[in-house]
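Before any comments, here is the structure.
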Amino acid sequence: MGVKIAIDAGHGLYTAGKRCMKKLDSKETREWALNDRIADKLEKSLKAYDCQVLRVDDTTGLIDVSLANRTKKANNWGADIYISIHHNAGVKGGSGGGTQVYYYSSKAERKTQATKLYNAIVNKTKLVGNRAQKVIKHAYAVLKSSNMSAFLIENGYMDSSVDVPIILSEAHADQTAQGILNFLVDELKLTKVKSDNGIYKVQCGVFENKANADALKARLEADGYEAVVISGS
C-alpha cells in the first residue's frame, strides 16, 4: 500500500461547549458531528487511491479521545501526514469567520503546504471570511506532538451568522472533503487504485426439469434481476 494518512475528527460528540450557537442553529449541532461528516467523506474518497487511512478519533463520537492518544496513535502507525478537522468559534453571533489552516513547524515547506491546503479548500467552498490571518503557525497539541506533517483545519465559525448556514449544509461538507482530497492527491502524488474491469457470471441454479428453471428465472426477473436459461449437458 502507499502513503499513510491519519485523519482526526476533532473532539467528541459530547465535548462541552463545542456546538453551534443556538440562536443561529436551533439544534445546536455539535462540532464533532460537523467534523466527522467531513472526515467520513474524505475517508471514503481516499479509498479510490493507493494509500492507507487511519482515523485517530472515536468514529462513534462517544469518546473524546485525548489529544495525546490521537497523536500517539498516528506516530506509532508511522503516518506520513496528519489532517485534523475542526470548526471554529469566537465571533459571538457576528458576521465574521471563514476558513483557517494551522501548522506548527520551523520548516518553510510546512507553511507552503498549509497554504496549499487552505487554497485547495476555499477554492471549493468559497468560505474565505474576514480573518486577517488565513494560514497560521500555532502550537496546538496535535500539531506539536505529531512526528509527521500535520495540519489543523478550522472549517468556518459555529457562532457566525454568515458561516453557520453554510457549514450545516451537506454541500459544504462535500466541498471541504473534496478540497482536502485535492490537496492530498497533489501533495502526496496519490495514484488511483486500478479498477478490475473483468466480467463475471453468476450461476443461480441447475435443474433437470426446464419448468423449474423457467420458474426460477421468473422469480429473479420479478425481483429486478436479469436472468437467462441456458440449455446444456
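The values are calculated or read from the model by the stated rules, or taken from the named source; none is laboratory data. Note that the structure is a prediction, hence the values are computed from the model and not measured. Cβ placement follows ideal geometry from the backbone for every residue including glycine, while neighbour counts extend to all protein chains displayed. For accessibility, only protein heavy atoms count, side chains too; no ligands or nucleic acids. Shrake-Rupley method; radii C 1.70, N 1.55, O 1.52, S 1.80 Å.
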Practice prompt. With a 1.4 Å probe and every protein chain kept in, tell me what percent of the accessible surface of the chain is carbon plus sulfur.
Written response: 50 percent
Response to the item:
Relative to the compact-globule estimate 2.2 N^0.38 Å (N residues), the Cα gyration radius of the range 1-108 stands at a ratio of 1.17
Discussion item. Starting from the 7 Å offset along Cα-to-Cβ, what nm value, one decimal, do you get for the label separation of E187 and V206?
Written reply: 5.6 nm
Practice prompt. List the relative contact order of the chain as a percent without decimals, with contacts defined as Cα pairs under 8 Å and 6+ residues apart.
Written response: 24 percent
Worksheet item: If you bin the C-alpha pair distances of the range 93-233 every 5 Å from 0, what whole percents do you get?
Response: 2, 9, 13, 13, 11, 8, 5, 4, 4, 5, 7, 7, 6, 4, 2, 0
Discussion item. Quick check on packing: order 120-133, 68-81 by the mean number of other C-beta atoms within 10 Å, highest mean leading.
Written reply: 68-81, 120-133
Item to complete: Please work out, to two decimal places, the log10 of the ratio I(q)/I(0) at q = 0.15, 0.20, 0.22, 0.23 Å⁻¹ from a Debye calculation in which every Cα of the range 88-163 carries one identical scatterer.
Response: -0.51, -0.83, -0.95, -1.00
Item to complete: Pick out, from L24, N75, G12, the residue whose Cα sits farthest towards the positive end of the charge dipole of the range 11-105, with +1 on the Cβ of Lys and Arg and -1 on the Cβ of Asp and Glu.
Response: L24
Practice prompt. With only Lys, Arg, Asp and Glu charged, each at its Cβ (+1 for the first two, -1 for the last two), find how big the charge dipole of the range 82-179 is about the Cα centre; round to the nearest 20 debye.
Written response: 480 debye
Discussion item. Kirkwood hydrodynamic radius, the range 138-181, all distinct C-alpha pairs: what's the number in Å?
Written reply: 12.2 Å
Fill in: For I63, solvent-accessible area (1.4 Å; no DNA, RNA or ligand), Å²
110 Å²
Response to the item:
Filtered hits (lysines, Cα-Cα < 16 Å from K124, offset >= 8 within chain) -> K41, K116, K134
Worksheet item: So what are the ³J(HN,Hα) numbers for the range 134-151, from phi and the Karplus equation (6.51, -1.76, 1.60; θ = phi - 60°), rounded to whole Hz, Gly and Pro as x?
Response: 9, 10, 10, 8, 8, 8, 4, 4, 5, 7, 6, 9, 8, 7, 10, 4, 9, 9
Item to complete: Could you list the residues of the range 32-46 with an amide nitrogen less than 17 Å from a label point located 7 Å from the Cα of L62 in the Cα-to-C-beta direction?
Response: 33
Item to complete: Compute the normalised compactness of the range 132-212: alpha-carbon radius of gyration over 2.2 N^0.38 Å, N being the residue count.
Response: 2.08
Fill in: Among V193, S231, A177 - extreme Cα towards positive end, dipole of the range 77-233, charges at beta-carbon
A177
Discussion item. Going Cα to Cα from K92, which aspartates and glutamates come in below 20 Å? Please leave out same-chain ones fewer than 8 positions away.
Written reply: D25, E28, E31, E154, D159, D163
